[in-house]
Structures are given as structure tokens and as C-alpha cells.
Amino acid sequence: MRTNQPRTIYLSEYRVPAFLVDHVDLRFELFEQGARVHSTLDVRRNPDYPERAEHLELDGDSLRLEAVSLNGVTLEADHYQDQGDKLVVLSVPDQFQLTVVTWIEPQNNTRLEGLYKSSGMFCTQCEAEGFRCITFFPDRPDVMARFRTRIEADKSSYPVLLSNGNDIERGELADGRHFVTWEDPFPKPCYLFALVAGDLLLKQDTFTTCSGREIDLRIYVEPRNATKCEHAMDSLQRSMRWDETVYGREYDLDIFMIVAVDDFNMGAMENKGLNIFNSSCVLASPETATDASFQRIEAIVAHEYFHNWSGNRVTCRDWFQLSLKEGFTVFRDAGFSADMGSPIVKRIEDATLMRTAQFAEDAGPMSHPVRPSSYMEISNFYTLTIYEKGAEVVRMIHTLLGPDLFRKGSDLYFERHDGQAVTTDDFVRAMEDASGRDLSQFRLWYEQAGTPVLTVRDEFDAEAGIYRLSIEQSIPDTAGQTDKKPQHIPFALGLLGPDGEAVPLRLSENEADAPLERVLELTEARHSFEFHGVQTQPVPSLLREFSAPVRVDYPWTREQLLFLMSHDSDGFNRWDAGQQLAVDVIRSLMDGENGAVDERLVDAYRVLLNDPALDQALVAKMLLLPSEAYLIELSNDVDVQAIHEARTRVLDHLANALRDDLLACFHRNAGSGDYQLTPEAIAGRSLRNTALAWLLHIGDQEACTLAQQQFDVAGNMTDRLGALRALVNSRFVAEREAALETFYQCWEADPQVVEQWFSVQAGSQQSGTLEAIKALLQHPAFDWKNPNKVRSVIGVFAGQNLAQFHQPDGSGYRFLADQVCRLDDSNPQIAARLVSPLTRWKKFAQPYCSAMKEALETVRAKDGLSKDVYEVVHKSLRP
Ligand code: B3K
Ligand code: ZN
């Protein structure tokens, strides 16, 4: 067991840095057996620091110190202390130059933080605290410096040498080595530093900015990926244009580079001028990537590009402010994706992620506010709350201010804070100053954790023609936070009359030109609203477009939901009504009520399948039943197998009753011609593959043949994988095995496709999956050091394949605990993420609950547990 408890860092302890660094001069000597880093810092005392700090303290991690000199004079050992995680230089002058030489071993770096090697190339990941694994430095985002970086390496193995900014010098060295020097004119925190050295192929294009500057766009990949860059390049160009049009933001450097690397802990990283991407988030071709990957790539390329303003030009003061850049940037990339595709579909996807995964996080042991007030390991706080809830919070500001004032606010924010490291409070203040609105109560969204619950009740007074709505707000207690204050919530609603027409929302008797939709602003624990001039009992359409990240409790009848499903003018709520109806039907089966599936659900789905006048992109989403994860989230004392069985029964019933409609839907959406990424084409493929999956689910022989045909002839990966997945989840064992085999043989040389092949199997609904998973870990293509492989097998099994993972005998949990312990030694960040499915043990019924807890306890007992896993496991096991 870990004996020393990691230190907790508190926001309340924030102090400005004692020393500032104006300039950093780096020289990297890269070798196969390690790297020598020479770092020269121009340091001065910070005039804003409240007292005179005597000694300079620099952060370090896993460094071998070779030399220290001050103003060119080598320091004797009694002038500094190498404490491992700190280098303390004693009694320094007010202003000086400090040179530190360190030796590091990138080839042995399995944590993938700092400088490491991936497929033979050198690359870096410095956010949040990886720069200290490269050299001693004040590793905090409020220290911003200008960087010059010289890289030296063997020329034949590493012909391409990259860092941030512009390349200003290059030349040859002895022994077949060469060097390139890069200079970044913009001061930046060290977490945005990047270096790449490798044998890479360059795909180039240009972008002309709104002021007429031509930017050199470069994507560097391994030569085998030459044909997979077009989509990323195109997404980049569209992002650059969009940020100019929608936010008035122009790119600042002359070069913008993206590098794809196979071994990467997360999706991508916004290093200044040199974004580094996980290969799976940048490389795509129709033959190898699904529609979902194409959309993910577009969103991530945009997200990292948008960080150039929201994150790099204006950065975070400290890591508690992480959502300042992440929440805002997710909000920006969501706007971009909505504009590039179907806005309703994008909103449905975002709301689904919030309601299934973020609400769960917010109710669990790792729950924290959008601006946390403490942490042990910052890597654990790159969460759905920081990213997705943070984006929802910005979206609510947008809703409250309206698009014009919001834009004024963002302009003011960028102008006022350009080149600064600031706080979420500074962001809100800019929005207030530009709009004249008071957002003081709104700020509670940053401070209070937990998902607000709105209890909505209504009554109709036919005689007076008044429809009354009462709304009560409450915020549940969360880890370390109780007695919360009411928050400022924008609540969008409409009312539907008997024929589905919108009822004018008159808040007073004689209000003329009353709107058909309103955003009510909830600020109190209790509100009641009266709508006048209402002739017949209306059906309310609540929280339209998911106008706030809250739960709504309203006693829906199935009639109301069916009515909204077909009549609501808000597409999002049409979808949501369908979800709530399906949830209700599934739950009534679990409660054992009369045992039959409500035929009205079947009828509603029949309409969806057969009415070509409906928005097919919306229909494709409406046909997807609520996931097991969402059903679990909605329940307490969860019996996973009971949820799985009830959901499966509904699916069986629907698929049997609608067999012919599904077949017709499959054929109607056969698709032809070129691969296109329009919302219509994507919807067509989604409908076709949903139909196939449902038909195979009920063991339909004809569908099995169709799936095999589709698998053989598909011209794109969406259809090929759709067919494969349907077969894998079916009872057709021989066909499934044959398809899996063929697929692997065809694609074994392509890591991104092999990852999908792993995922399909790890997500299989067939029993015996755990044994199959164990076998996959022995597969020659599986690699413990590659996070994508780990995620595609272990992550998918434990995080997505809930019915298989939650075995009543606890075997899935023990398996996960073993893998977490194994990974904890090599890559703690990945281990800490993987353990998360176990953390919500309190929510589950027996025997799940105790078995999950036991598995967590095994992890806790491991020797030398990392800080990352320690924090998650200990917080989860707190009484
Ligand atoms: N900022 C990075 C995330 C870094 C995670 C460090 N553990 C990617 C992004 O959000 O754009
Ligand atoms: Zn980001």
C-alpha cells in the first residue's frame, strides 16, 4: 500500500509566481540512449510578489541534473539543492541568467508525459505538468516566456525537426547530425511547448487570412499515412475561416503544423503553432474511418485550432481555471460542428453525453465544480465537468445575453486579456462589462458542483384560461459540498395546443404579440408562472434544446410524450420525448407491470421508419433506444442485468414487430455513388446500419445474408464496420468469426482500423466476452504501451459494454482491477482513467456493489500506487 498520501493543492493557496522568466533558450541533443537538454532562462524577481523570495525554486520530475550555472559561472554544489521534484537555487540576485543541463531518457518514458518516443520519433506532451519532465522550470501557466529551441539529432533517422514558431536557422553538424532552431515570438506558458523529431512525410496547403496573410499549413505523418490527411487539412481550413467569421479571430503565426503520433494519452494538444495529435484523431479515409471518426476529427482539429485564441493567446492563471480554456473552446467547437452539419443532431449528441456521463460524474465521488477548489493530481481533472459542463455554462451565458452581446463579450475578453493568464471570473466579468448584465448569481455555476433538479408541476384553469407552471430548484449535496444556493438557470419552453400549434406565451392578460417560445430565468428556489389566454389544456415542451444542464422532473404521461414526439416544433424535444417514452416503457417492464411492451411505442417507431418527410438525421437519432448507461444513470440501486434484460426485450419486440419496415428502411438507404459527409448521407448510413443491427439482433436469416453482402462490398468503413458489428452481436457464430478473420487480414497493417476491430469485439453483447477480452490482450496487435489499444479493448469493455462488464460474480471488476494495477506502473494517467467504471459502486445493488468495492480495495492495496490512481481510488472509497 502507498504509505505517503499525496499532497492536496488548494485554489485558496494561489500566489503569484515569485520569479518570472522572460526568455527561454533550449538546446536538445537527441540520441538513441537519451537526450541532453540545455536550458538557459532569463529570470527576474516578480515585482508583484508580496515579499522578497530569497531562493529560486524550479519544478522537476525524473531528471538527472548535470550542471547548473548562473550568469555563465558554474555553481558549486552548495549553491543549489537538487531535491528531485525541485531544484532550489540559493540566494539569487534580482535578475540573472540561469543555465541548467539535464539528462533524460525519452526512449524509456512510458508515461507519455514530457519528451518520449512513439514509433521511432521523438515527441512531447507538456500539459498540464509535463515540461518539468524535460528540464527544471517554474512549471505553472502564469509564467509566460518567449522560447527559442534548437534541436540536434541524427539526420538520417530524424530528418524533420520541429518546435513552436518559425524556423530561423538550420545546418549540418559532425557525425551525420544536423540541427534546426525555432523561435516563437509569442510569450507562452511551458505547457504549450512542443518538440517533434522524426522521419515524417509532409502534406502542405495554405490559408489566406481575412487580412490577406498567407499561412503555411503543414500536416506531418508517417509515410504510410500519406493518403489520410485530406480531411484534417480541409477541417483545419474551415475552422480557420469559421473563427474569423464567427469570432473575428485571425491566426497569428506564419506556420501552423499538425503532427500525428500513434502513442498519445488523449486526443490532441494545442501547442502553439505545433499541434500534436493522436493518430486516431487526425488520420482518415473513407475506406478506413467511420462517419463518427470523420466528425470527431473535424471537431478535434477545430478544437485545437480554436485554442490558439481561447487557451494560448489568453491562457489560464492556474489549473483550477482549466475550464476557462476548455469549456469555452468546447463551446466554440460545438458551434462549428453545428454549422458544418446538423445542429439538432449535434445538440442531441452533446446533451446525451451530458445526461449519461457528466451527470454521473457530478453525482459520483469525483464530483467537482467547473472551477474546482482542490486537487491532488491535475491530470485527473480533465473531466466531462471541466469540458462539457464548462461548455454548457458558456452556452447559458450565450443564451442569456443573445448572440450579439455574447460576441461583444468575447471580443472584449480577447482584447482585454490578450497575452495574459487569467481566471474564469475574468471571463464572466468581460461578459458582464460588454452586456451590462449582472452575472453574480450566475457565477455559482462555476463554484457549486452537482446537477440541479427542476421539479416542474402544472395546472390548467379552464375557466380563467390560465395555465400555471411551478418550478422548484434543488441542487443535491456532492462530495464536500452541502446546502447549495439556487443558481441562475435559463429555462426555454413552449406550449403546444390540441393540434400541435404553438400557444402564445402571455405572461399577463393583455400582452400583445406574445412570443411562442420563452427563456424563463430561474433564480429562486421556487417560481410560479401564469400563462394567460390559454383555451385548452396545453402540452408543455420543457427545457427546449436542453437550455441548461439540469434534470427535469415532470410527471409525463405517455400520451403527452407521444404527442410531443410527433408535434413539437423543437426537434430536440421531439427526440427527447421519444427517449423518455422508451425509458418509461423499459422501466415498466422492469417493474413487472403487465409484462407487455406498449404497442404505442411500436406505432411511433413505425411512423419514424416510414415517413420520408421527416428530417432523416433526426429520425436516425430517434431510432436509437436509450443506452444502458443512460438507464443506469436514471436509476438508484442499479441492477444492471435487469436493465439489460428489459431493454433487450423492448428491442426484440420492436425489431420483430417492425421487421418488414426495417428491411425496407435498409434497402431504401442503400446508398450509392461517392462517399459523402452531408447530414443526409450520414443519416442514411446510420439508418441502414441501425436496421441491420436490429434485424440481426433477432436472428433474422435474410438480414444475416444482407450483412455479409454489405461487409463484402462496402465502399466505406461506416458500412463495413456496421455490418461487422451487427454480425458480432448476433447469434450467427460462424459468419461472425469469418467476418472478423477477413477484416483483420485485410487491415492488420493499419493501427487505426485494428483499434476499431478490437473495439467491436470488446463491445460484443455475446456472453463469454470476458474470455474473449482476455484472449485479445494476448493478440500480437495488442500493445500495453499504446493507449489506443488499451482503450479499445479494456476501456470499451469496462466503460461501454455494461452488461458484460457488470457480471454478478464480479469477474469483470476483478479483471479491470488487475489491468489497472498493471498499467499503474507504466502509465498512471491511463490507469486512473480506466478505473473510473468502478468508482460508482455505491449506486449499484448487491451483489454488484460489494464486488466493485472489493475490486477498488485491491487497487488501493497495490504497492507504489501512483498519485493519479491514489486520488481516484481513495476518493471513491471514502465513506
Ligand atoms: N489541452 C489538451 C488536454 C491535455 C490533457 C493533459 N492531461 C487537449 C485539449 O483539450 O485540447
Ligand atoms: Zn481543449
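Would you mind checking LYS117/LYS774; LYS842/LYS875; LYS188/LYS408 for any pair whose Cα atoms are more than 20 angstrom apart?
Violating the 20 Å limit, Cα to Cα: LYS117/LYS774; LYS188/LYS408.
Name the residues whose placed amide hydrogens come within less than 5 Å of the amide hydrogen of ARG64, ignoring near sequence neighbours (fewer than 5 apart) on the same chain.
So ARG64 has HN proximity to TRP103.
Out of all DSSP beta bridges with both ends in the stretch 200-335, state the antiparallel percent to the nearest 5.
Around 50 percent antiparallel, to the nearest 5.
Is any helix in the chain, taking whole DSSP H runs, at least 20 angstrom long along its axis by alpha carbon and on average at least 0.5 on the Kyte-Doolittle scale, and which ones?
none
So which aspartates and glutamates can LYS485 reach, going by Cα to Cα under 12 Å and dropping same-chain residues fewer than 8 places off?
Partners within reach: GLU447, ASP477, GLU524.
So for each of 255-266, 27-38 I average, over its residues, the number of other beta carbons within 10 Å; can you give me the resulting order with the highest mean first?
Answer by packing, highest mean first, reads 255-266, 27-38.
Give me the one-decimal nm value for the distance between modelled label points at GLU771 and THR227, 7 Å along each residue's Cα-to-Cβ direction.
3.9
Could you tell me the distance between the Cα centroids of the stretch 233-269 and the stretch 648-682, to the nearest Å?
35
Kindly write out, for the stretch 50-67 in residue order, the coupling ³J(HN,Hα) from the Karplus curve 6.51 cos²θ - 1.76 cosθ + 1.60 (θ = phi - 60°), rounded to whole Hz, with x marking Gly and Pro.
So the J values, rounded to whole Hz, are x, 10, 8, 7, 7, 10, 8, 10, 10, 7, x, 7, 6, 10, 9, 7, 9, 6.
Among 282-293, 133-144, 438-449, what's the highest-first ranking by average C-beta atoms within 10 angstrom per residue?
Final packing ranking: 133-144, 282-293, 438-449.
Give the distance, in whole Å, between the Cα centre of the stretch 439-509 and the Cα centre of the stretch 103-150.
First find each Cα centre; the distance between them is then 48 Å.
Can you list residues whose amide H is under 5 Å from LYS86's amide H, if they're 5+ apart or on another chain and H is modeled 1.01 Å from N?
Excluding prolines and chain starts, which carry no amide H, the hits are GLY60.
Nothing charged except the Cβ atoms of Lys and Arg (+1) and of Asp and Glu (-1): what's the magnitude of the dipole of the chain about its Cα centre? Round to the nearest 20 debye.
Dipole about the Cα centre, nearest 20: 1040 debye.
Residue by residue, what Karplus-based ³J(HN,Hα) values in Hz, rounded to whole numbers, does the stretch 798-805 have, using 6.51, -1.76 and 1.60 with θ = phi - 60° and x for Gly and Pro?
7, x, 10, 8, 5, 5, 7, 5
Pull up all non-local amide H partners of GLN807: gap of 5 or more, or a different chain, and H-to-H distance under 5 Å with H placed in the peptide plane.
Hits under the 5 Å cutoff: GLY812, TYR813.
Provide, in order from the shortest bin, the percent of all Cα-Cα pairs of the chain in each 20 Å bin, continuing until the bin that contains the maximum pair distance.
With 20 Å bins starting at 0, P(r) equals 14, 46, 34, 7, 0.
Rounded, prolate or oblate, given the Cα gyration tensor of the stretch 561-877, with a/c below 1.5 counting as rounded?
Oblate, because a/c is 1.5 or more while a/b does not exceed b/c.
Counting only helical runs of four or more DSSP H residues, what would the 222 nm mean residue ellipticity of the chain come to if each run contributes -39,500 (n - 2.57) and the total is spread over all its residues?
Details: 28 runs with 335 residues, N = 879.
Value at 222 nm, helices only: -12000 deg cm²/dmol.
Residue-wise, which Karplus ³J(HN,Hα) couplings in Hz belong to the stretch 835-847, taking 6.51 cos²θ - 1.76 cosθ + 1.60, θ = phi - 60°, and x for glycine or proline?
6, 4, x, 7, 5, 9, 3, 5, 6, 9, 6, 6, x
Would you mind putting 529-540, 43-54 in packing order, based on average other-beta-carbon counts within 10 Å, highest first? Don't skip to the end; give the middle numbers.
Numbers: 529-540: 17.8, 43-54: 12.8.
Sorting 529-540, 43-54 by mean packing, highest first, produces 529-540, 43-54.
Read-outs throughout are calculated quantities, based only on the coordinates presented, and are distinct from any laboratory measurement. All values derive from a computational prediction rather than experimental measurement. For neighbour counting, all protein chains shown are included, and Cβ atoms are generated from backbone atoms with ideal geometry for every residue, glycine included.
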